[in-house]
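Heads up: the structure comes next, in structure tokens.
The values are calculated or read from the model by the stated rules, or taken from the named source; none is laboratory data. Not measured: the values here are computed from a predicted model. No Cβ is skipped: glycine too gets one built from the backbone with ideal geometry, and neighbour counts run over all protein chains shown. These accessible areas exclude ligands, DNA and RNA; they are computed on the full protein's heavy atoms, side chains included. Shrake-Rupley method; radii C 1.70, N 1.55, O 1.52, S 1.80 Å.
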Amino acid sequence: MNKETKVRTKRLGGVAVSLAAALAIAACGSSNSSSSSSAGGGGSTGTSSSGGSSSAAVSPATLNGAGSTLALPIYQQWGSNLKGQGLTVNYNGVGSGAGIADLQTATVDFAGSDPALKPTDTKAMKGPALQFPVAFGAITVSYNLLGIKSGLKLDGPTLANIFSGKIKTWNDPAIKSLNPGMSLPSTAITVVHRSDSSGTTNGFTTYLSDVSPGWKSSIGAGKDVKWPTGTGAAKNSGVAAAVKQTQGAVGYVEQAYAIENGFTYAAVKNSSGKYIEPTIENTSAAANGVTVPADLGISTINSPSADAYPIVSQTFLVVYKDPCKDGKASTSVAKGLKSFLAYAFGAGQQTLGSGGNKLPYAPLPSSLAAKDNTQLQTMTCNGSPIS
Amino acid sequence: MRGTLMLATGVALVPLILVIYYLLYKGLSSWSGSFFSTDPTGNFFGNPGGIRSAIFGTLEIVALASLLAIPIGIAVALYLTEYGKEGWFANLVRYFVDVMTGVPSVVFGLFIYIVLVISHAGGSGFAGWKGALALALLMLPIVIRSSEVVLLLVPGSLREAALALGAPRWRIVWRVVLPTARSGLVTGSLLAVARGMGETAPLLFTVSLATAATANLNGLMNSLPLQIYTDITSPRDVIVARAWGAALTLVALVLILNVIARLISRRSSMA
Amino acid sequence: MEASATTATGVRSRLERTPAARLPDQVLQAGLTTLAVLILGLIAYFFVRLIGQSSDALNKFGFSFIFGNDWDISRNIYHGAPLVIGTLITSAIALIIGVPVAVATALYVTELCPRRFRGALGMLVDLLAAVPSVVYGLWGVFVLGPKLLPVEKWFANTFSFIPFVGGGGSSITAPNYFIAGLILAIMILPIVSAIAREVLATVPAENKEAALALGATRWEMIRMTVLPYARPGITGGAMLGLGRAIGETIAVVLVIGNAATIGHHLFNQGYSLAAVIANEFNEAANQPLHSSALFAAGLVLFVLTLLVNILARWFVRRGTRGMRAPETDSGDAASASVASAGVA
């Protein structure tokens, strides 16, 4: 008889009991979870489109995704809507960089990424990957300043100087000159930036590089940049929390986070010289004017459209073209992925937009949604098209 | 002088009091029936849900980790006290185990991440059992060290008496050594479990985050420390309140284990 | 206990037993030995892997990995001086604040406190070790940080003439080196205090009584006999606390500010070796040089903790040498109580 068993059996009294108890409770729990979570799904501001998605019956599966926190509210909302139909979507907001890394190591089924795939990204993938634009979000410059409610105007070079630490207080002459008539306090500016690899950072720094040659040469654009000043926080929610907690703070967060926390954000000067506030219309304006390459790798930063908000970021869902190959995922997961994507450019788009129940993102222009659908049909499972 | 020292002791206790006070003050208000019976919904707006899946996940992962660490730890400690004693090999093992106690949990997590998660060992990426394994690695040196101390306290005379009566080695271990040391072993194990329950870093690297309660250890699971860690950086007040409630739950669980462990050790005549 | 319950099959001596009856013993011995070998092998594999994975980054950057000031992911340059310095600063703060308070507490509990409160007080201080680090982080972010911010600003402004300690003034934010160090001080307090208590208990009563007999006051007795005797052991305890502070991750990552720069004053944001691993591991997964750099950070962290722990245990053994009983080793008891209180 196994000597370890002897030692183990006696010691294990308490542990075995608690293990049995835990498993028993968990067994009760998991059988209840589907019923309770579909109740949870209906209780949010989720639209009734979960009932209205009659054209997109989803294939039941459990999908694991990770990546962009800019798009996190969207995927969480969709996951909540689809749970009742048997499709479970677990999405972990770890930042676009980590999301792509997770897809490259195939530890997730799909990645959320704001910047389009670069050649270095595709090279490290375990197979050909497809990117699907799903929505557009405005990156707001949100600030926490007592007494300044709204209407603060900032332009590109000033923003670059604020975020590089050259402008240190709110009543700096550069800011004052853009906002005559506004009495600005002498509070110190605390810059809040991302500490993780972020598509939001990529969008914001791309804009800054476009409008400020000084920024471009010293700091540049990317998912991770070397910030000369400021506090680092992880994820959009972390930056939002840091801005909320610090008087005089300024940070870049996607609009959904700014609205949720009642932030004040600045009107930013766009390429046509107008000061634009981030609204859904202004975000859509950026989306409408965009050129679409063959691999759908668009970029809406610093859009040339006259009325566009200049810091609009696209966000992609990235999947493998053949998720089943080499055993990366099962057939049911592949089917679930395809139906999730179809929902994303179909009924899911109705959850986005302006208006009470909708998420503050600009939906896809119909031409782009059509291109997404065409690309979707090229997905295969072990070589054969997914039904 | 007495006054200064008393003041210093007071200063040392102030954080404990403050932590417990704020945990109760901010956490109790989150406790409710639905807090413990619903999973986190993951909704961005609206109802954030409770922490049920986090509690289940923690219990499952820690139970598996204990199942691995405690028997193996006690067995290694038995080897060290019964067979290895002061030999070169036993001292080598002791030395390495000592070194292991000092390894920061991040490094364990990173190790398991590279060895098990990225390589997709067992057919999955992030998985509950990998988190349990990382926790077991963390708990193992603690169990070994504390068990060895307790086993050494068993008087040699008892062993010798049993030997004189003709008992074989395994019988001595099973019938004399282990029962005598039992309360000390249980204490040490409970403290290791309490320690494992509160660890975040190993889980961060191996289990990721999920919202639904599940018994599937081969997939993503939720856990209390990870849920708290994620909720802390949320700007929504209601989610931060949930973090406080979850923290209170976690501390309550850990404290209960600690108190039980100390009561057992107080009661025993050894350790 | 029931030693007589071990009467086996009535056979008298081991030599008279049949080979079959001897088998369980051999199986037990072989099994346990194998297990110990496997565990040793696992630990060895862990180190080998750790060193192997870090070699790329260490080869490429050499000493600049520790001494160079440029942690830049976008350009794939990993010079980790901000991390090392941040780790050292926060640990130093933790020691400076935590050790005196811990020793004072231990002194009070062992020497001056009314006997009936000793157990309870000791247990209360030990309870600090039971609080998980994520809960300390939560408390630090929402309670300690904001509440201490005005005090920090006042302090920085009043003492701005002292380099490093002062200065910064109005741009101070809640996450900074000081808060991280303070939280670490609270976390290492129970460990240092537990060891200090063990060590103080080994001071021979004769020494204390001799001092008292010569007319010393209580405090003089402590200063002349107890503290010098206990100093090596207490130093060891402090170093074990240091080892814990160096490796602490979650609480630090929440309150240190995550800025990969070297801060110029006490209330600057900073970074630490453990925090960088927790923040960047996911995105580094598929970047060979980045992930190698993180492993190298882990290796540096581990070597630091190892050195500190070796020194610490040597000190603790020296300090508790006096009370070694034939079958027990209170040095081990001290380290074991430390281990169960949570050193890593």
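In terms of packing, defined here as the mean over residues of other Cβ atoms within 10 angstrom, the peptides B:253-261, C:87-95, B:3-11 line up highest first as C:87-95, B:253-261, B:3-11. Using C-alpha pairs below 8 Å separated by at least 6 residues, the relative contact order for chain A is 22 percent. Per-residue surface analysis assigns B:V240 an accessible area of about 20 Å², computed on protein heavy atoms at 1.4 Å probe radius. Here the 3J(HN,Hα) profile of region A:119-128, calculated from phi with Karplus coefficients 6.51, -1.76 and 1.60 at θ = phi - 60°, is x, 5, 5, 5, 5, 8, 6, 7, x, x Hz, Gly and Pro shown as x. The overall shape of region C:154-289, judged from the alpha-carbon gyration tensor, is oblate: a/c is not under 1.5, and a/b is no greater than b/c.
Pairing chain C with chain B buries about 8300 Å² of accessible area. This figure sums both sides and uses a 1.4 Å probe.
Calculate the tail of P(r) for region B:152-271: the fraction of all Cα-Cα distances greater than 26 Å, expressed in %. Of all Cα-Cα distances in region B:152-271, 46 percent exceed 26 Å. Close amide H contacts of A:L87 (hydrogens built in the peptide plane, cut-off under 5 Å, sequence separation of 5 or more or a different chain): A:A61. Summary of the geometry: region A:56-105 and region A:324-373, compared by the centres of their Cα atoms, lie 10 Å apart. Sequence-ordered 3J(HN,Hα) estimates for region A:293-300 from the Karplus curve with 6.51, -1.76 and 1.60 and θ = phi - 60° stand at x, 5, 8, 6, x, 7, 9, 10 Hz, glycine and proline given as x.
For region A:56-209, what is the charge dipole size about the Cα centre, in debye to the nearest 20, if Lys and Arg each add +1 at the Cβ and Asp and Glu each add -1 at the Cβ?
Value, rounded to 20: 300 debye.
The angle between the Cα long axis of helix B:2-27 and the longest principal axis of the Cα atoms of chain B comes to about 50 degrees, rounded to the nearest 10.
Spatially close Lys pairs in region A:117-202, defined by Cα atoms under 21 Å apart and a spacing of eight or more places or different chains, total 8.
The calculated FRET efficiency for A:Q350 paired with B:S29, based on their beta-carbon distance and R0 = 45 Å, is about 0.75.
Once the C-beta distance of C:L311 and B:W88 is scaled by a Förster radius of 22 Å, the resulting FRET efficiency is 0.40 to the nearest 0.05. For a paramagnetic label modelled on B:H120 (point 7 Å from Cα along Cα→Cβ), amide N atoms under 14 Å away belong, within region A:315-334, to A:320-331, A:333-334.
In a reduced charge model with +1 at each Lys and Arg Cβ and -1 at each Asp and Glu Cβ, region A:268-387 shows a dipole moment near 220 debye about its Cα centre. Of the residues C:A21, A:A135, C:V37, the one whose Cα sits farthest towards the positive end of the charge dipole of the protein assembly as shown is C:A21 (charges of +1 on Lys and Arg Cβ, -1 on Asp and Glu Cβ, taken about the Cα centre). In plain terms, the C-alpha convex hull of chain C casts an average shadow of 25.9 nm² when viewed from every direction. Please report the relative contact order for region B:201-271, taking Cα pairs under 8 Å with a sequence separation of at least 6, and give it as a percent rounded to a whole number. Computed over region B:201-271, the figure is 19 percent. Along region A:102-108 the Karplus relation, 6.51 cos²θ - 1.76 cosθ + 1.60 evaluated at θ = phi - 60°, assigns HN-Hα couplings of 5, 5, 5, 8, 6, 8, 10 Hz to successive residues, with x for each Gly and Pro. When the helices of chain C are scored as -39500 (n - 2.57) per DSSP H run of n ≥ 4 and the total is divided over every residue, the value at 222 nm lands at -22500 deg cm²/dmol. Annotation: for a label point projected 7 angstrom from Cα along Cα→Cβ of A:N382, residues of region A:328-356 with backbone N closer than 15 Å are A:328-335. Leaving ligands, DNA and RNA out of it, report the carbon-plus-sulfur percent of the accessible area of region B:143-271 at a 1.4 Å probe. Carbon plus sulfur share of accessible area: 63 percent.
Positive end of the dipole of chain B (Cβ unit charges, origin at the Cα centre): among B:S37, B:G73, B:I118, the Cα lying farthest that way belongs to B:G73. Along the axis of the charge dipole computed for the protein assembly as shown (Cβ charges of +1 for Lys and Arg, -1 for Asp and Glu, origin at the Cα centre), the listed residues A:P310, A:T331, B:V259 are led at the positive end by B:V259. For chain A, the Kirkwood hydrodynamic radius from C-alpha pairs, put into Stokes-Einstein at 37 °C and a viscosity of 0.692 mPa s, yields a diffusion coefficient of 147 µm² per second. Think of a 1.4 Å ball rolled over the protein heavy atoms: the protein assembly as shown then has 36 Å² of accessible area per residue. At R0 = 30 Å, how high is the FRET efficiency between A:S332 and A:A124 if r is their beta carbon distance? Nearest 0.05 is fine. With a Förster radius of 30 Å, E is 0.65. Taking every lysine pair in region A:245-350 that is 8 or more places apart or spans two chains, those with Cα atoms closer than 17 Å amount to 5. Here region A:217-251 and region B:1-37 have alpha carbon centers that stand 32 Å from each other. Within the full protein context, the accessible area of C:I51 is estimated at about 100 Å² for a probe radius of 1.4 Å.
Ordered by 1.4 Å accessible area with all protein chains kept, B:S119, A:S96 run largest first as B:S119, A:S96.
Residues of region B:40-71 whose accessible area (probe 1.4 Å, heavy atoms of protein chains only) drops by at least 50 Å² once all protein chains are present, relative to their chain alone: B:N43, B:F44, B:F45, B:R52, B:F56, B:L67, B:P71. About its Cα centre, region B:84-221 has a charge dipole of approximately 380 debye under the convention of +1 per Lys or Arg Cβ and -1 per Asp or Glu Cβ, with nothing else charged.
Sequence-distant contacts, meaning Cα pairs under 8 Å at least 6 residues apart, place the relative contact order of region A:110-240 at 25 percent.
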